[in-house]
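A short worksheet on the structure shown next.
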Amino acid sequence: MKYVRMPIEVESPEERGYSTIRYNLAESSVTDRTLGEFNLDLSGAVLAYGDHRGFPALRHEIAEDVGVGEGDVLVTAGAAGALFIIATTLLGPDDHLVVVRPNYATNLETPRAIGCAIDIVDLTFEDSFGLDVERLRAALRPNTRLISLTTPHNPTGVCLDRATLDAAVAVAAEAGCPLLVDETYRDMIYGEKLPLAATLGAHVISVSSVSKSYGIPGVRVGWIVNRDPVLMERFLAAKEQIGICGGLIDEMVAAAAVAARHDWLPALNQRLSAARDAVEAWLKGQDAIEWVKPEGGCVCFPRIKPHLDVDLDLFYRLLDEEYGVAVGPGHWFEMDRRFMRIGFGWPTFDELTRGLEGISAALRRALR
Ligand SMILES: Cc1ncc(COP(=O)(O)O)c(C=O)c1O
């Protein structure tokens, strides 16, 4: 494996220090929560190695939520840990991957570290970041071992519709190749919630976590859902070699969060919907910026209109140094820096509004 650090991590708020940012619109999760919110008494927890597949109560909650058996759930160290297990299990240097871009950086970078052949299907603003499944089909090779999609999508918030998801499931089945669907944002949705992709075929692998919609990325708990016992045994072997099992305390907290989903998620989605409305209202007053409206998740990926002459170095410098605003610049996603990811689920409403005003002000000064 040839590891290279990703700009999204090198330049992340955690790395540069949260205290250096006044209006943090760079986050892709909802507001972080405290341990105290869960009212848990963990004093009796026996700190033994845990169940290798994950804390049983957590697997039970996940299985019940998405409509699979508990044996179809493998708990991992965050969705990132799940993606690592899947990539390293299914891909070697002689294999081929088809993956969409832009994407959560790990979905591209771990396969690169493995050294497999990669065909990237680029999603474009002009196509509203929609996926043409025929492009997946056209990219297939005899040694394709994985097709990798993300919905709701990071950084755009665009969602696959049911017909497109079904078509992708069918293309992978015809090719005899597993389909990974990174559904880390699935619980944040403004329209119809699709069935978990893994319920649509034993060759489909779903990934999610408590980091984004539950606001507890610090517990590092995610999971793989898949209905093929042979594949799941291979994923378990990978997990055992990486870390044997997960952290018991982390998984107990995650279990409490997922168990309370019926109270938590509806209120969360209402708050996110209002925040998305605020971004939309701001954009209506912007001549220089355009977006594809997100249908899920808590981020969007607007861009400075391509015909405008803008000094991007100046824009990002002013944004940071004079207006105290952090966003996710396009290069975090291997895209032009005219794009910026705006996270509207993490900041308070006031911080979001002021951050958006900061973007307008910095852009006014950077336009030539
Ligand atoms: C699409 C997607 N998948 C996976 C992850 C990793 O999440 P986790 O914190 O659960 O490891 C992220 C984090 O940004 C993400 O955006």
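From the list 212, 193, the one residue that fits, being part of a loop (DSSP other than H, G, I, E, B) and within 16 Å of the ligand (Cβ to nearest atom), is 212. Evaluate region 56-63: report whether one residue or more is within 16 Å of the ligand (Cβ to nearest atom), at pLDDT 95 or above, under 20 Å from residue 151 (Cα atoms) and of a type outside the set (Phe, Trp, Tyr). Yes, that holds for at least one residue. Could you go through region 286-305 and let me know if any residue there is assigned to a helix (DSSP H, G or I), over 16 Å from residue 125 (Cα atoms) and over 17 Å from the mean Cα position of the chain (by Cα). Checked against the condition, which is being assigned to a helix (DSSP H, G or I), over 16 Å from residue 125 (Cα atoms) and over 17 Å from the mean Cα position of the chain (by Cα), region 286-305 yields no hits at all.
Looking only at region 11-68, filter to residues that are aromatic (Phe, Trp, Tyr) and assigned by TED's automatic domain parsing to the domain that holds residue 320; which one of those is surrounded by the most Cβ atoms within 10 Å (Cβ to Cβ)? This residue is 23.
Count of region 238-261 residues, restricted to those that are surrounded by fewer than 21 Cβ atoms within 10 Å (Cβ to Cβ), on the phi < 0 side of the Ramachandran plot and outside any helix (DSSP H, G or I), is 3.
A search for C-beta distances below 7 Å between a residue of region 220-237 that is part of a loop (DSSP other than H, G, I, E, B) and any residue that is more than 16 Å from the ligand (Cβ to nearest atom), counting only pairs 6+ apart in sequence or on different chains, returns 226/72; 226/232; 227/68; 227/72; 227/202; 228/202; 228/203. State whether one or more residues within region 321-334 are over 30 Å from residue 120 (Cα atoms) and in a strand (DSSP E or B). Scanning region 321-334 turns up at least one residue that is over 30 Å from residue 120 (Cα atoms) and in a strand (DSSP E or B).
Applying the set (1) under 21 Å from residue 295 (Cβ atoms); (2) touching a Ser or Thr at 6+ places or on another chain (Cβ under 9 Å); (3) among the small types (Gly, Ala, Ser) to residue 163 leaves exactly one unmet item: (2). Among the conditions (1) in a helix (DSSP H, G or I); (2) among the small types (Gly, Ala, Ser); (3) crowded, with 21+ Cβ neighbours inside 10 Å, residue 345 misses just one, which is (1).
Listed by position, the helices (runs of 4 or more DSSP H) enclosed by region 77-176 that each have at least 3 residues that are within 16 Å of the ligand (Cβ to nearest atom) and aliphatic (A, V, I, L, M) are 78-90.
The values are calculated or read from the model by the stated rules, or taken from the named source; none is laboratory data. This one's a predicted model, so the numbers in the text were calculated from it and none came from an experiment. Note: ideal-geometry Cβ built from the backbone for every residue, glycine included; neighbour counts use all protein chains shown.
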